[in-house]
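Taking it in order: structure first as structure tokens, then the write-up.
The values are calculated or read from the model by the stated rules, or taken from the named source; none is laboratory data. Computed from a predicted model, the values in this text were never measured in an experiment. Reconstructed Cβ throughout: ideal geometry from the backbone, glycine too, with neighbour counts over all protein chains shown.
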Amino acid sequence: MNIDKAFPSKYLKAADFDDVDTPLTITRVVMEQISPDERAKPIIYFQELEKGMNCNSTNKNTIKKLYGEETDNWIGKTITLWINHDVQYKQDTVSAIRVRSRAPVPVSEPVRRSEQASQRIGDPQTLAFVLTVEGLDAAEQTLKLLEDFGYASLEAVPTAEREQFITFIQTIMRRIAATA
């Protein structure tokens, strides 16, 4: 038994989740008083869950990068929650709910293409050939690669992964140029 689950809360906490990414759809963002001695905080509610999530500064910044600073624009948007077990809080290392820095891709044609592309990603030459055969120009090829990885734009690629992703795209483009 997870001892943290023995202490129920009105709001989501790390113990409420398994160690898997959890995509959720935002239904509303409201200011609520969590405790009498603190000011009201933004709470995000989801279509899939009853409990709301206290929107801390870290998660606020991630969602703001995804969907902008106006919370009304977050309604109907999907985010992915995950549990980071290595968060430093005061003198302790704790588990905390975090928002992934990219929006989940809805299950649709782009996802099927992404699954197919991911099978080819290990071989950049094969992917370069497929993109060339499809007759896409360099800009379209870059957008297709971004879409196949679930990104709407290069800016949506997490900063830590962006340089590696750009290097990968450049490798693909060089191979495409070599086959043309």
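Quick notes on this one:
- Taking the criterion of being at pLDDT 90 or above, assigned to a loop (DSSP other than H, G, I, E, B) and under 26 Å from the mean Cα position of the chain (by Cα), the residues of segment 1-42 that qualify are Leu12, Lys13.
- Where a residue in segment 5-18 is over 11 Å from Asn54 (Cα atoms) and its partner, wherever it lies, is in a loop (DSSP other than H, G, I, E, B), with Cβ under 9 Å and at least six apart: Phe7/Lys13; Ser9/Lys51; Ala15/Asn2; Ala15/Phe7; Ala15/Ser9; Asp16/Ser9; Asp16/Leu49; Asp16/Lys51
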